[in-house]
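Novice: Just dropping this structure here.
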Amino acid sequence: MDLDRPIAPDPYALLPTVSSFALVSDEITDGEPLPASAGADGGSRSPHLRWSGAPEGTVSYRVDVFDPDAPTPAGFWHWSVVGLPAAVTELQAGAGEEGFALPEGARALRNDTGGAGFTGAAPPPGDRAHRYVFAVHALDASDTEIGVPADATPTVAAFMALGHVLGRATLTATYHLEA
């Protein structure tokens, strides 16, 4: 791997500024490594997430996990859930398993492997540690009102929701595989 390549920017730093709120986890800490269970070789289990303090007017949430350091021009989407009702402020560990019963109205979009579940961290062995940005977006409209198609990719969902984002909470963890 070419470790001299530039580090990708924080994917949300390039978007319009919105208010922030809190995102915590029982399993991951901002800036620290993901647990092995969240890696592709450790079971690809999505970690627990809990958020609070979303802006007034929040109607729904979108949750994404994105690796900006993937050796592609567009990073790598590991998980995206749209249509989470405003009353939902927590996803338990394992909520990213395909077939998991998400709250009514919520649905997982296909990730960059083509599946709808959480795909665990799997950077190329020997590459620098990759960042995995867990983001919860507070939206002023429902998934239905925004009109995200059933076959949308996370990129399309993010684009369609851009004008509806009231606030965002992020938590960034890392993952590294030795060569």
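Novice: Just the residues that are open to solvent by 60 Å² or more (accessible area, probe 1.4 Å) and not small (Gly, Ala, Ser), please, taken from the stretch 69-82. Even if it seems obvious, please write down each step before you answer.
Specialist: Filtering the stretch 69-82 for residues open to solvent by 60 Å² or more (accessible area, probe 1.4 Å) gives 71-74.
The answer is Pro71, Thr72, Pro73.
Novice: Something else about it: Looking at the stretch 155-168, can you tell me whether even one residue there is in contact with a strand residue (DSSP E or B) (Cβ under 8 Å, 6 or more places away or on another chain), without any contact (Cβ under 8 Å) to a residue 24 or more places away in the chain and either under 16 Å from Ser60 (Cβ atoms) or open to solvent by 20 Å² or more (accessible area, probe 1.4 Å) (or both)?
Specialist: Filtering the stretch 155-168 down to residues in contact with a strand residue (DSSP E or B) (Cβ under 8 Å, 6 or more places away or on another chain) leaves 155, 157-158, 161, 164-168.
Within this subset, residues satisfying the condition of being without any contact (Cβ under 8 Å) to a residue 24 or more places away in the chain are none.
Scanning the stretch 155-168 turns up no residue that is in contact with a strand residue (DSSP E or B) (Cβ under 8 Å, 6 or more places away or on another chain), without any contact (Cβ under 8 Å) to a residue 24 or more places away in the chain and either under 16 Å from Ser60 (Cβ atoms) or open to solvent by 20 Å² or more (accessible area, probe 1.4 Å) (or both).
Novice: Let me ask something else. Before we move on, is Glu90 of a type in the set (D, E, K, R) and touching a Pro at 6+ places or on another chain (Cβ under 9 Å)? Walk me through how you get there before you give the answer.
Specialist: Working: of a type in the set (D, E, K, R): yes; touching a Pro at 6+ places or on another chain (Cβ under 9 Å): no.
It is false that Glu90 is of a type in the set (D, E, K, R) and touching a Pro at 6+ places or on another chain (Cβ under 9 Å).
Novice: Criterion first (small (Gly, Ala, Ser), over 26 Å from His164 (Cβ atoms) and in contact with a Leu (Cβ under 8 Å, 6 or more places away or on another chain)) does Gly105 satisfy it?
Specialist: Details: small (Gly, Ala, Ser): yes; over 26 Å from His164 (Cβ atoms): no; in contact with a Leu (Cβ under 8 Å, 6 or more places away or on another chain): yes.
No; evaluated as a whole, the condition is false for this residue.
Novice: Within the stretch 130-140, identify whether any single residue is modelled with pLDDT of 95 or more, in a loop (DSSP other than H, G, I, E, B) and either surrounded by 18 or more Cβ atoms within 10 Å (Cβ to Cβ) or of a type outside the set (A, V, I, L, M, F, W, C) (or both), and answer yes or no.
Specialist: Yes.
Novice: Determine whether Gly163 is in a helix (DSSP H, G or I) and at pLDDT 95 or above. Don't jump to the end; show me each part of the working.
Specialist: Numbers: in a helix (DSSP H, G or I): yes; at pLDDT 95 or above: yes.
Yes, satisfied.
The rows are residues; the columns are (1) open to solvent by 50 Å² or more (accessible area, probe 1.4 Å); (2) touching a residue at least 24 places away in the same chain (Cβ under 8 Å); (3) within 27 Å of Asp41 (Cβ to Cβ); (4) not acidic (Asp, Glu).
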position: Ala86; (1), (2), (3), (4): no, yes, no, yes
position: Ala95; (1), (2), (3), (4): no, yes, yes, yes
position: Phe100; (1), (2), (3), (4): yes, no, yes, yes
position: Gly120; (1), (2), (3), (4): no, yes, yes, yes
position: Thr144; (1), (2), (3), (4): yes, yes, no, yes
position: Gly147; (1), (2), (3), (4): no, no, no, yes
position: Ala152; (1), (2), (3), (4): no, yes, no, yes
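Novice: Separate question: Residues Thr113, Thr155, Thr172: which one is more than 23 Å from Val24 (Cβ to Cβ) and outside any loop (DSSP other than H, G, I, E, B)?
Specialist: Every option except Thr155 fails the conditions.
This table checks each residue for (1) out of contact with any Asp or Glu (no Cβ under 9 Å at 6 or more places or on another chain); (2) closer than 26 Å to Ile7 by Cα.
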{"site": "Gly105", "(1), (2)": "no, no"}
{"site": "Asn111", "(1), (2)": "yes, yes"}
{"site": "Phe118", "(1), (2)": "no, yes"}
{"site": "His130", "(1), (2)": "no, yes"}
{"site": "Val148", "(1), (2)": "yes, no"}
{"site": "Thr155", "(1), (2)": "yes, yes"}
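The values are calculated or read from the model by the stated rules, or taken from the named source; none is laboratory data. Remember, it's a predicted structure, so these values are computed and weren't measured experimentally. Counting neighbours? That spans all protein chains shown, and the Cβs are built from the backbone with ideal geometry, glycine included. What goes into the accessible areas is simple: the full protein's heavy atoms, side chains included, and nothing from ligands, DNA or RNA. Shrake-Rupley method; radii C 1.70, N 1.55, O 1.52, S 1.80 Å.
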